[in-house]
Each structure stands twice: as structure tokens, then as C-alpha cells.
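Below is one structure, written out as C-alpha cells; the observations come after it.
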Amino acid sequence: MISDQPRISVLGTSALLFEAPGETDLATQERIWALAKEAECWPEIREAVPGMNNLMLSFSRPPACCKPIEDRLHAAWTAAVPMRIEGHLVELPVVYGGDGGPHMADVMAHTGLDIDQIAAIHSAPTYVVYALGSHPGYCYLGGMDQRLATPRRKTPVVSIPGGAVSIGGAQTGVSASAGPSGWNTVGSTSMRFFDPALDPPALLRPGDRLQFKIAKVIR
Amino acid sequence: MIEIIATGALATVQDHGRGGALKWGVGASGALDNLALAAGNILLGNDEHAAGVEIQIFPFQVRFLEDCAFAITGADCGASLDDLPLPPWWVQTASVGQILSLGIPRQRIWRASRAYLCLAGGVDVPLVLGSRSTQLRGTFGGLEGRPLRSGDRLRAGARANGAGRGGFGLSPPALDLPLTEGGLPAVRVLPAAEYAQYTEAAHQALWNEPWRVTPQSDRYGYRLDGAPLHLIAPIETRSHGIVPGVIQVPPNGQPIVQMRDAQPSGGYPKIGVVIEADLWRLGQAPIGSRIRFRQTSWDEAIAAGELNARWLAEARRLADLYRGRTGSS
């Protein structure tokens, strides 16, 4: 997965995916934000959507050939200067384990850690919102301690509730509403992340920070 | 205005989708058979992006609470207006009190599973983040962000040129633009980023084996059943933006094609992407039916999109012609 060159691929005729090289980190994400800001002004691009150290560019209409956009992307990436965002800090109390954390046992089995260690390690960092995605208001967070990394589930779960705190691969996040998920749910929280009547509709945006607080550990 | 008298689960108001909100985590939604919805609007002289009702469980019945022209497209549901049988892909005028009934889709001439009901002036629900499509996950858009149920009333939008005309129809794209492979309905696929990391057996299976649409298939995604697709070595990709059509493969090897209610991002490896121009075909594939994937190129995929656009342009020409010839009022 890790190479030293960015990788560009097509998502059918609807979009391009730009993936930055290297380990997932904030400095790279800051360049992704800068690249998104530039690319969303290009006439062929409908929307520039940051992911985790990657960027999807959806087309307003598919170009006859992708090569010119790919060349422009490579050049813009080389020139991209990290975009610093001074975001808000939001605290979020979490109940770890119990009915709200049905996959805690799987994460314990995979990591070899006990539930108190997992809660402590998970709530220690201040996470940075790298990107929104998955469902309305959902935040992809950077900064999880890699001791907690647990592969996505072999078969996605049909529905997890809103407020579920989960781990998928090297990432963690909080669901904003009930729906399907391939991640391991380890805890629960209550917070309204999205309101379509507001502008912007999402509570958090890239560059904001999230601090989990241990409300309770159910062993 | 119409009132829903009978409906199964998951009939929703849809338009051509919600663009520009991916960055808030909001997927596009929109009609699974976008050609059928556009054609229904064209038959009525509506903006082709107007909202209509997508129906996937039958029977379905509505009562007209005022005189109104309407169009039915998509699956052939043996529609009738009171006792009058209506051909599929048809525009008709209804009088106040009349009842439109749609039955279980007939699979005789073409196989399809979803029908669209369009109203002259479009279904008028509030625009939310630029679209009238129902966002089921976010519970907004459409009618109160939820599927329709009996007793719901839907208003038709304001209309400049009277009540519209009825009594004509179109030949469906399933007949005009057929695509099959080995005797089964096919959709064209462009390989995606992780394609090369799948085994040779997976490549062979993807292109040469039939794929059954399982009952766990819906507007979010079609879970397909067939020969398991395995990676040469396991990989974890970082979450990234995805689009409807992406064929994700979870570790169980059974592919999931993302549909219009798909999440705007995901992290499972992608073996390919069903091209935008063929998503309507998959959206009409009934549960339990089998489909085939056909490998395509960028140029062919662009040409397929242009062919769809030409089909819609021709539909518009025919509808305008018919209205022009009969519209002497």
C-alpha cells in the first residue's frame, strides 16, 4: 500500500481518486485540504471530497480523456503547501463496552488489550477531523493509537445505532445516525452531528478536534 | 395532489440526486433508474430533473385529488386508471377521484423491478440541500425524509402550460438499448484501483460468471452472490470517496455494488466500477435474477453515456412532436 508516489485511479466515469503516498498523517492531510481547495475551482470538477490522505474529484461531466486532469493534479500536489486550519475543540463522553459496544470483545481479542486499556488508549489522544464521509455529519478522525488497529469486519453489520464509537482498520470514528457499518463498535455516545436546516449542515468540519472522555466502562 | 392508498415498503420521492453535499458526508440518492424518471418527466413536458415517486414493492395505488396528468415508466406493472388498462411508459390525464393501480412487474418482454410515477409539474416536496430526493440515512429530503405510506399526500408542482396532455408513450430503453452477455442482462465495468491485486481466478469469475442479486440488495447496495473474489494478499485501504457503481469486495469475497443511496465514502477494496451509463440497468435487476459484468474502456463508457443522452433527446423530440400536433388548445 505504501509507495512514494501519489496514485490516481478512476471511479468509473464519475470521479477520479487521488491517493497520497506514505503513512496516514496530519501534514499530508493538510496538503490534501490545500489540493481540494484548488481542484474544486477547476471547471471539469463538480466537487472535491477529501478522504483519509486522499481526495476524490467528482466530474461535472466526464472528460474525453483524464490525462490532462491527472497531470494538473500531480503538479498541484507537488506545489501544495499544508493548509493549517484552526478548528474548534469538542469534548465527547463515551460509554465503552456493554450493549453500546457489541464488538469490544473482537477488538480485545485482536489487540490483546483489556477493556480498560482500550478505553484509556482510545480516549487519550486529541483527534483531528480529517474529513467527513460515510453518512451525513460523520467524521473521519486522525490520530488513533495503532495498538488499537483492528481489521474491518468480514461481513458488514446491517445496522449500528447513531452515536456508535467504532474502529475500522487503523481508524476510529463516531456514527452520526443509524445504518450499516463494516467497523467494530466499541462504545457509544450521544451528540447531534448533522442538521440539514443549518448552514453548514454538519457540526464538525475538517480541522476541528475531538476529545473523547470516558463516561463509563462496562466490563 | 395525489393520495397514496396502498404501498409496500420503501416507495420514495426521488429526483436526479443531490449533488455538491458529499463533503458533508451526504450521499447523492436519486432514482435508481434515472432514465425512467427522466423519461416520465419528458412525457409530461416537465424539467427532466423534476421529482417523481420510485416504487419497488407492489401493489401500489394512488387516488387523484385533482385533475392531473401523470406518467408511468420503469417496470411494466400492468397499470390501470380505474378500469382503463394503460400501456407501460405512458402519459395519461386523470380526473379527480380516479385511482391509479400498479401491480407486480411483468417480466414478459423485459425484466425490471422498479416503476416511476411522475406528475405534471413534478412532485412538490421541499428542496433540501439542493434536491428533493429522499435521504433515508439522514432522514431528510423527499416526504419528511422517509418512505411513503398509505394516507400520504403529494402535491404536484406549479405548472406554466395547463394540465398537460396524455395518451401517448415511449418504447423503453430496455428494448431500445439492450445489453446482454451469455443470455443475461449485462452492465459494463471499468476496473478500479485494486483490480490488479485480485487473483487471476477472481478476474476470470468477475468477467465470465453470472452474479445473482441477493435479497440483501436495496437502494444502498446490491449484494451479489457468485464465485468468491479473493485478493492475492489482504489489504486495508484508507477511507476515501466512492460513487454509485463502485464494486466493493468485503473479506468474504462477495461483491457489493454501491447504488444511489450508497455512502459517499468507503474503505473496502474495489475491484471495479459499474459505469454511470449502466447503473439504471442494475437498478432494474430483480432480486434473485442473475446479471453479468462486461469489461469496458473509458472511451466505450463515455460513448455509452452519450447514447443514453441521445435516447433522452429523441424521447424529448417525440414528446414535443406529439404535444405540438395535438396541443391546439
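Summing +1 for each Lys or Arg and -1 for each Asp or Glu, what net charge is found among the other residues whose Cβ lies under 11 Å from the Cβ of B:Gly221? Spelling it out: positives minus negatives among the neighbours equals +1.
Stokes-Einstein, applied to the Kirkwood radius of the stretch B:198-264 over Cα pairs at a viscosity of 1.567 mPa s and 4 °C, places its translational diffusion at 103 µm² s⁻¹. For B:Gln98, nonlocal amide neighbours, meaning residues 5 or more places apart or on other chains whose placed amide H falls under 5 Å from its own, are B:Phe64. Overall, the protein assembly as shown carries a charge dipole of about 640 debye about its Cα centre when +1 sits on the Cβ of Lys and Arg and -1 on the Cβ of Asp and Glu, all other atoms neutral. Global dimensions of the stretch A:7-79 from alpha-carbon coordinates: Rg and Dmax equal 11.3, 35 Å. Placing dummy labels 7 Å off each Cα toward the beta-carbon, the span from B:His49 to B:Glu3 is 3.4 nm. Cross-linked pairs A:Lys37/A:Lys154; A:Lys67/B:Lys270; A:Lys216/B:Lys270; A:Lys213/B:Lys270: Cα-Cα separations exceed 30 Å for A:Lys37/A:Lys154; A:Lys216/B:Lys270; A:Lys213/B:Lys270.
Can you give the extra length, in nm with one decimal, that the chain gains between B:Leu84 and B:Trp207 once fully stretched, where that is 0.36 nm per residue apart less the Cα-Cα distance? Roughly 39.8 nm would be gained on extension.
Mind telling me which of B:Leu35, B:Leu127, B:Leu148 comes out most flexible in a GNM of chain B, alpha-carbon contacts under 10 Å? Judging by the Gaussian network model, the answer is B:Leu127.
Over 19 Å, how big is the tail of the calculated P(r) for the stretch B:180-296, in percent of all Cα pairs? In whole percent, the long-distance tail amounts to 38.
Could you point to the residue in A:Gly182, A:Phe18, B:Ala69 farthest towards the positive end of the protein assembly as shown's charge dipole, with +1 and -1 charges on the Cβ of Lys/Arg and Asp/Glu respectively? The one lying farthest along the dipole's positive direction is B:Ala69. In whole Å, how far is the Cα centre of the stretch A:150-219 from that of the stretch B:84-108? Each part's Cα centre sits 44 Å from the other's. Shown in residue order for the stretch B:100-115 are the 3J(HN,Hα) couplings computed by the Karplus curve 6.51 cos²θ - 1.76 cosθ + 1.60 at θ = phi - 60°: 9, 10, 10, x, 4, x, 7, 10, 6, 9, 9, 8, 7, 10, 10, 10 Hz (x for Gly and Pro). Each eigenvalue of the Cα gyration tensor of chain B, multiplied by 5 and square-rooted, gives one semi-axis; in descending order these are 35, 20, 18 Å. Cα centroid separation, the stretch B:40-83 to the stretch A:1-34: 44 Å.
If you sort the three axes of the alpha carbon gyration tensor as a ≥ b ≥ c, you get a/c of 1.5 or more for the stretch B:70-186 and a/b no higher than b/c, which makes it oblate. Per residue, the convex hull spanned by the Cα atoms of the stretch A:89-218 amounts to 89 cubic angstrom. List the trypsin sites (Lys or Arg not before Pro) within the stretch A:145-204 that DSSP assigns to loop and that have no more than 16 neighbouring Cβ atoms inside 10 Å. Listed in order of number, the matching sites are A:Lys154, A:Arg192.
Each Lys and Arg Cβ is given +1 and each Asp and Glu Cβ -1; about its Cα centre, chain B then shows a dipole of about 220 debye. Spacing of the modelled spin labels on A:Gln117 and B:Glu236, each 7 Å from Cα toward Cβ, amounts to 1.7 nm. Taking Cα atoms only, the orientation of helix A:67-79 departs from the longest principal axis of chain A by about 70 degrees. Here's how it looks for B:Ala11: its modeled amide H is under 5 Å from those of B:Gln56, B:Leu148, which are all 5 or more places away or on a different chain.
For chain A, the longest principal axis of the Cα atoms and the long axis of helix A:26-39 meet at an angle of about 40 degrees. Could you tell me which helices of chain B pass both thresholds, a Cα extent of 15 Å or more along their own axis and a mean Kyte-Doolittle hydropathy of at least 0.5, with helices taken as whole DSSP H runs? The qualifying helices are B:34-44. Once you order the gyration tensor axes a ≥ b ≥ c over the Cα atoms, which shape class does the stretch B:11-90 get: rounded for a/c under 1.5, otherwise prolate or oblate by comparing a/b with b/c? Prolate, because a/c is 1.5 or more and a/b exceeds b/c. Taken over the C-alpha atoms, the stretch B:2-171 has Rg and Dmax values of 14.8, 49 angstrom. Here's how it looks for A:Phe194: its modeled amide H is under 5 Å from those of A:Leu203, which are all 5 or more places away or on a different chain.
Computed on chain A, the Cα convex hull volume stands at 132 Å³ per residue. Per 10 Å bin from zero, what fraction in whole % of the C-alpha pairs of the protein assembly as shown is there, up to the bin with the longest pair? Taking every Cα pair in the protein assembly as shown, the percentages come to 4, 18, 27, 26, 16, 7, 2, 0.
Over all directions, the projected convex hull of the C-alpha atoms in the stretch B:106-159 averages 5.5 nm² in area. Structural descriptor for the stretch A:89-218: relative contact order 38 percent, calculated from alpha carbon pairs under 8 angstrom and at least 6 residues apart. Put the Cα centre of the stretch B:136-152 next to the Cα centre of the stretch A:88-128 and the gap is 34 Å. On the basis of the beta-carbon distance and an R0 of 51 Å, B:Gln295 and A:Leu26 show a calculated FRET efficiency of 0.85. Take the stretch B:251-303, compute every pairwise Cα distance, and split them into 10 Å bins from 0; I just need the percent in each bin. That works out to 17, 52, 31, 1, in percent per bin. Using the alpha-carbon positions of the stretch B:125-211, Rg (one decimal) and Dmax (whole number) come out as 21.6, 60 Å.
Note on A:Leu132, A:Leu203, B:Leu32, B:Leu170: ascending count of other Cβ atoms within 10 Å places them as A:Leu203, B:Leu170, B:Leu32, A:Leu132, the fewest first. Counts of other chain beta carbons within 10 angstrom of each beta carbon in peptide A:112-123 average 0. Between B:Arg153 and B:Ala313, the simple label model (points 7 Å from Cα in the Cβ direction) yields a spacing of 4.3 nm. Karplus-based coupling profile of the stretch B:278-292, in residue order and whole Hz: 10, 4, 4, 5, 5, x, 9, 5, x, 3, x, 7, 10, 10, 10, with θ = phi - 60° in 6.51 cos²θ - 1.76 cosθ + 1.60 and x standing for Gly or Pro. Counting other Cβ atoms within 10 Å as a rough exposure proxy, the listed residues A:Ser188, A:Ser123 run A:Ser123, A:Ser188 from fewest neighbours to most.
Read-outs throughout are calculated quantities, based only on the coordinates presented, and are distinct from any laboratory measurement. Fair warning: this is a prediction, and the values are worked out from it, not measured in the lab. Cβ atoms come from the backbone with ideal geometry, glycine included; neighbour counts cover every protein chain shown.
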